[in-house]
Each structure stands twice: as structure tokens, then as C-alpha cells.
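Presented below is the structure to which this report refers.
The values are calculated or read from the model by the stated rules, or taken from the named source; none is laboratory data. Every value quoted in this text rests on a predicted model; they were computed, and no experiment measured them. Here the Cβ is made from the backbone with ideal geometry for all residues, glycine too, and neighbour counts use every protein chain on show. Accessible surface areas use protein heavy atoms only, side chains included; no ligands, DNA or RNA. Shrake-Rupley method; radii C 1.70, N 1.55, O 1.52, S 1.80 Å.
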Amino acid sequence: MIIDFHTHTFPNKIAEKAVQKLSDACHTVPFTNGTAAELTASMKDAGIAMSVVLPVATNPEKVSAINDVSAELNGKDGLLHFGCMHPTCPDWHRELGRIAALGLKGIKLHPVYQDVDFDDIRYLRILDRAAELGLIVVTHSGEDIGFPGVVRCSPQMVANALKQVGDVTLVLAHMGGWRNWQEAEALLSGSCVYIDTSFSLGTLTPTSPDYYTERQLRLLDESEFVRIVRSFGSEKVLFGTDSPWTMQKSSAEAFTALPLTEKEKQEILYGNAARLLKLSRQ
């Protein structure tokens, strides 16, 4: 049984255009066209039972409408949709309450796209309210491939935020901080945070062989990946792919081939996500 805790889809009418725009920005190959139909087909091919779909609000005006769509689609075809929040949303407090009332189990934040540092008060109040409501918070962390060198959610910012708001069910995407892996391990292992495995193991798949250097193509190797898993503890790690930006099947195969124990693999592939999402084992 596998739960993919980190995927993305777009409405059918804009999916192709949105995925192409993002592919052009990050110079990497998409493995689906961004629609829910292709994600569910990918899940079937990969043997994935459920995917968590994480919407991103790039401006505050779209927050409520995106959350309405997420609530309408939630639970269909093995897709568990989260809500979204933007730090400058004027009605953030009420909207977070509405997200919980709609039955959505968490929210996605993206400090790079939203152009606000993670330890800014506008995020701190969201974290505090989410904890009060029992919502899971998933955030992009570290660099973003489409914005080279820009870090709006560094491990130090996360540490600063947690010091002010206390424990919150917080998932840091991309093994705690994309290309900030060593700092994340040093500062955040042993804290309350969870990390997901998305877009962090192996190498990038570029659209052009000449755009990235060989060094830039490399992500974490197996030994680094396993070390970080064990530093945080396998009970704090969630399997994720960032589909459409990696292939779910090859990501699952690469993960299961790692020199982890079967207990560690089962926790990461299913058990931890099922516990956070309050699912009963099928």
C-alpha cells in the first residue's frame, strides 16, 4: 500500500498550459499533463492507492475559489485534496475555519511563489490557527527550481517559526529543504516537523541536455537520502513524488530499492501518512 503525499493537478481547461509554463520555467520534463485523469492513470501504473493533491494559491483573491474546488473533488478517484492559503489573504482566519469545516485535512503553502518569508508574522498566524483547527500544513521548503537561489523557507526560518508558534503538524517538502538538505538535517531533525521525499532522490530530468551542469542535475544520492531519513526518524518521513515533476512509478521503485528496513519503508510509504490523515488500513 502506497500513499503519495505530494502531487499536483490543474483544472482540465488550463492544465496543459499551466504545466507547459512551469516546465519552461524549471527546464524539467513533466510526466503527466497535469490533469486528474492522468494522475489517476499514473497511480494505477505505480501501484499507488491514494495521492494527496496540493493546490498553490499564487494570489489571495483565488484562495476561496480554489478551496471550493478542492472540497468538491476531495476523495474522488483516490485523490485527497488539501486546501490552500496565501499569507496576504485578508480573510485568512475565517477561511482557515472554512477549510476545516469543508472536511479538507490540510493546506499547502509556497513561500517562494507567495513571496513572503516563512517566519513572517503573516505565516506565523496561519500556522497558529492551523494548529488550533487540527489542519496539516505542507509547505515548499528550500530553493525552488524555477527561482534559482531564492529561499523563502529556509531551515533557519522554520526553526524561527516553530520557536514562536510551538508544535504544529508541519510537513516540509523535498526532504526538509530542497538543496538546503544539510542545514535542514542539522537544525530540524528531532523537531516536530515531518519531511516528504518528493523531488529529492537521484537526478533531474531536464528538457534540454545542455541547460544544467552535471552537478546541478544531481540530487541526493542513496547514502545521503538514507542518512537524512534516519536523522529525522522514519516515523517523520512521508513518501511523495511531486507529480507531474517526477514519474510516480520510477519514484516508488527507486524508494523501495533503498537500503532501508521493511519497517522503515512501510512507515514512509503508508503508515505515517495514514496516521496523519486518520485513515483506517484497507
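Is at least one residue of region 154-171 modelled with pLDDT of 95 or more, under 16 Å from SER191 (Cα atoms) and basic (Lys, Arg)?
yes
Just give me the residues in region 138-150 being buried (at least 22 other Cβ atoms within 10 Å of the Cβ) and either part of a strand (DSSP E or B) or of a type in the set (Val, Ile, Thr) (or both), in sequence order.
Answer for region 138-150, where residues must be buried (at least 22 other Cβ atoms within 10 Å of the Cβ) and either part of a strand (DSSP E or B) or of a type in the set (Val, Ile, Thr) (or both): VAL138, THR139, GLY142, ASP144.
Output the number of the condition that TYR212 fails; it satisfies all remaining conditions of (1) of a type in the set (Phe, Trp, Tyr); (2) under 13 Å from the mean Cα position of the chain (by Cα); (3) surrounded by fewer than 19 Cβ atoms within 10 Å (Cβ to Cβ).
Among (1) of a type in the set (Phe, Trp, Tyr); (2) under 13 Å from the mean Cα position of the chain (by Cα); (3) surrounded by fewer than 19 Cβ atoms within 10 Å (Cβ to Cβ), TYR212 violates only (2).
Please find, among SER70, SER23, SER64, the residue that is within 17 Å of the chain's Cα centre (by Cα), in a helix (DSSP H, G or I) and among the small types (Gly, Ala, Ser). Steps first, answer last, please.
Numbers: SER23 fails: within 17 Å of the chain's Cα centre (by Cα); SER64 fails: within 17 Å of the chain's Cα centre (by Cα).
That would be SER70, the only listed residue that is within 17 Å of the chain's Cα centre (by Cα), in a helix (DSSP H, G or I) and among the small types (Gly, Ala, Ser).
For region 157-172, give me each residue that is closer than 23 Å to GLY134 by Cβ, touching a residue at least 40 places away in the same chain (Cβ under 8 Å) and open to solvent by 40 Å² or more (accessible area, probe 1.4 Å).
GLN164, THR169
If I ask for residues that are surrounded by 17 or more Cβ atoms within 10 Å (Cβ to Cβ) and charged (D, E, K, R), which ones from region 83-97 would you list?
GLU95
Select the helices (runs of 4 or more DSSP H) contained entirely in region 173-282, then report the ones holding at least 2 residues which are touching a residue at least 40 places away in the same chain (Cβ under 8 Å) and closer than 20 Å to ASP4 by Cβ.
Output list reads 222-232, 248-256, 272-277.
Tell me which residues, restricted to region 82-112, are assigned to a helix (DSSP H, G or I) and in contact (Cβ under 8 Å) with a residue 12 or more places away in the chain.
Of everything in region 82-112, those that are assigned to a helix (DSSP H, G or I) and in contact (Cβ under 8 Å) with a residue 12 or more places away in the chain turn out to be TRP92, HIS93, GLU95, LEU96, GLY97, ARG98, ILE99, ALA100, PRO111, VAL112.
Which is within 19 Å of the chain's Cα centre (by Cα) and either modelled with pLDDT of 95 or more or open to solvent by 10 Å² or more (accessible area, probe 1.4 Å) (or both), of SER231, SER280, SER251, SER223?
SER251
Filtering region 34-81 down to residues that are touching a residue at least 60 places away in the same chain (Cβ under 8 Å) and small (Gly, Ala, Ser), which residue is farthest from LEU276 (Cα to Cα)?
Per the criteria, the residue is GLY34.
Exactly one condition in (1) outside any helix (DSSP H, G or I); (2) touching a helix residue (DSSP H, G or I) at 6+ places or on another chain (Cβ under 9 Å) is false for ALA161; which is it?
All conditions are met except number (1).
Please identify the pairs in which a residue from region 2-25 that is in contact (Cβ under 8 Å) with a residue 60 or more places away in the chain and open to solvent by less than 50 Å² (accessible area, probe 1.4 Å) has its Cβ atom under 6 Å from the Cβ atom of a residue that is of a type in the set (D, E, K, R) and not in a helix (DSSP H, G or I), counting only partners at least 6 apart or on another chain.
PHE5/ASP196; HIS6/ASP196; HIS6/ASP242
For region 65-82, name all the residues that are farther than 26 Å from LYS249 by Cα and surrounded by 18 or more Cβ atoms within 10 Å (Cβ to Cβ).
Those that are farther than 26 Å from LYS249 by Cα and surrounded by 18 or more Cβ atoms within 10 Å (Cβ to Cβ): ILE66, ASN67.
Go through region 33-55 and report how many residues are assigned to a loop (DSSP other than H, G, I, E, B), over 17 Å from the mean Cα position of the chain (by Cα) and either of a type in the set (Ser, Thr, Tyr) or on the phi > 0 side of the Ramachandran plot (or both).
The total comes to 2.
Could you check ALA49 against (1) open to solvent by less than 20 Å² (accessible area, probe 1.4 Å); (2) under 20 Å from LYS249 (Cβ atoms); (3) not polar (S, T, N, Q) and say which number it fails?
In the conditions (1) open to solvent by less than 20 Å² (accessible area, probe 1.4 Å); (2) under 20 Å from LYS249 (Cβ atoms); (3) not polar (S, T, N, Q), ALA49 misses (1) alone.
If you scan region 237-265, which residues turn out to be among the hydrophobic types (A, V, I, L, M, F, W, C) and either over 14 Å from LEU204 (Cα atoms) or in contact with an Asp or Glu (Cβ under 8 Å, 6 or more places away or on another chain) (or both)?
Within region 237-265, VAL237, LEU238, PHE239, ALA252, PHE255, ALA257, LEU258, LEU260 meet the criteria.
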